[in-house]
Amino acid sequence: MRIISLGWGVQSFTLAAMVALGELEPVDFAIHADTTHEFSGTYAHAAKWAPWLEAHGVKVVTVKNENQRDMINRWGGLRIPAYTITKKGDGQVHRQCTGDWKIQPVRRYIQSVRNRQPVEQWIGISLDEFQRMRDSDVKYITNRYPLVERRMTRNDCIAWLERHGLEVPPKSACTFCPFHNTAEWRKIKASPADWQEAVTVDRAIRKARPPYDLFVHSSRKPLEEVDLRTPEEKGQMSIFDEPDENGECSGVCFL
Ligand code: SF4
């Protein structure tokens, strides 16, 4: 059995589209673990392009966890890697969201359909982020990285999509992901629905782990109070400050 982990970002959509157009061998399905907190642009892209993939022979399956929208897991732990300040200094909560929202529902689905077959899981990591490649931690799944095999970078994926008349999707990540860089937060602020969700979650988690407050932004301030201006807007010169705008989520959501 061969599957694609479809996050609906640039790289995984490129993988699925390459299968759809016959540049890569067929897969049994492309599976999307819906965190239910993705950007509105990601959902719009998925709604538009899932039917196209299906029409070209790529079956798209969407899975999600129970209690998906809960920020707190059943053991009382916060799922997202929020920032805090404790008496020992700055800290960050251990990340459970990738496992709870992505890995678990995908594996549960795979187990329900694989009929004891081994599974080759294609992951949309490109050459420029090869350091995110990992071996699978379960025996029945082997991870494969076709974009790295083809030495394709993220920009190559964008060029490939454009060459084939396909839409380039926005980056895929949760609206409130604590790993967003400043450039990403600025983009989110420009999208009122996404910003509203991020602010709402930031407020909702504040007192989730007393006695220390929690924040989605690394400044450990309420999100709506964070100064997201560029150094130039602040009147400073900068050639180094701004992280890569094109970088995928440093949350290392492997799926
Ligand atoms: S994008 Fe961020 S918040 Fe969402 S599952 Fe990944 S690490 Fe967690």
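The values are calculated or read from the model by the stated rules, or taken from the named source; none is laboratory data. Quick caveat, the model's predicted, so the values are computed rather than measured. Cβ placement follows ideal geometry from the backbone for every residue including glycine, while neighbour counts extend to all protein chains displayed. The accessibility values were calculated without ligands, DNA or RNA, using every heavy atom of the protein model including side chains. Shrake-Rupley method; radii C 1.70, N 1.55, O 1.52, S 1.80 Å.
Summary table below
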item: Residue within region 210-226 that is more than 16 Å from the ligand (Cβ to nearest atom), part of a loop (DSSP other than H, G, I, E, B), touching a Gly at 6+ places or on another chain (Cβ under 9 Å) and over 28 Å from residue 47 (Cβ atoms) present; result: yes
item: Number of positions in region 1-29 that are on the phi < 0 side of the Ramachandran plot and either touching a Ser or Thr at 6+ places or on another chain (Cβ under 8 Å) or in a helix (DSSP H, G or I) (or both); result: 16
item: Condition check for residue 218: among the polar types (S, T, N, Q), in contact with a Phe, Trp or Tyr (Cβ under 7 Å, 6 or more places away or on another chain) and within 22 Å of residue 19 (Cβ to Cβ); result: no
item: Region 155-180: number of residues that are assigned to a loop (DSSP other than H, G, I, E, B), more than 9 Å from the ligand (Cβ to nearest atom) and within 19 Å of residue 129 (Cβ to Cβ); result: 4
item: Pair list, Cβ under 8 Å, 6 or more apart: region 74-97 residue in contact (Cβ under 8 Å) with a residue 60 or more places away in the chain, other residue near the ligand (Cβ under 9 Å from one of its atoms) and outside any loop (DSSP other than H, G, I, E, B); result: 80/97; 80/174; 81/97; 97/174
item: Test set (1) modelled with pLDDT of 95 or more; (2) within 16 Å of the chain's Cα centre (by Cα); (3) buried (at least 19 other Cβ atoms within 10 Å of the Cβ) - residue 171 fails condition number; result: (1)
item: Residue match in region 46-57 (condition: part of a loop (DSSP other than H, G, I, E, B) and closer than 23 Å to residue 173 by Cβ); result: no
item: Flag if residue 204 is open to solvent by 40 Å² or more (accessible area, probe 1.4 Å) and within 16 Å of the ligand (Cβ to nearest atom); result: yes
item: Any pair with Cβ under 8 angstrom, 6 or more apart, that starts in region 207-228 at a residue that is at positive phi and ends at one that is open to solvent by less than 70 Å² (accessible area, probe 1.4 Å); result: 220/83; 220/84; 220/213
item: Test for residue 24: is it at pLDDT 95 or above and surrounded by 23 or more Cβ atoms within 10 Å (Cβ to Cβ); result: no
item: Subset of region 68-79 that is within 19 Å of the chain's Cα centre (by Cα) and outside any strand (DSSP E or B) - its residue that is surrounded by the most Cβ atoms within 10 Å (Cβ to Cβ); result: 79
item: Within region 80-104, considering residues that are surrounded by 20 or more Cβ atoms within 10 Å (Cβ to Cβ) and among the charged types (D, E, K, R), the one farthest from the ligand (Cβ to nearest atom); result: 100
item: Considering residues of region 105-131 that are under 20 Å from the mean Cα position of the chain (by Cα) and surrounded by fewer than 16 Cβ atoms within 10 Å (Cβ to Cβ) only, the residue nearest to residue 61 (Cα to Cα); result: 108
item: Cβ pairs under 9 Å, 6+ apart, first in region 171-184 and more than 13 Å from residue 215 (Cβ to Cβ) and charged (D, E, K, R), second part of a helix (DSSP H, G or I) and more than 8 Å from the ligand (Cβ to nearest atom); result: 171/10; 171/41; 171/42; 171/184; 171/187
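For (1) closer than 27 Å to residue 149 by Cα; (2) at pLDDT below 95, each residue gets a yes or a no:
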| position | (1), (2) |
| --- | --- |
| 4 | yes, no |
| 12 | yes, no |
| 30 | yes, no |
| 39 | no, no |
| 48 | no, no |
| 64 | no, yes |
| 70 | no, yes |
| 78 | no, yes |
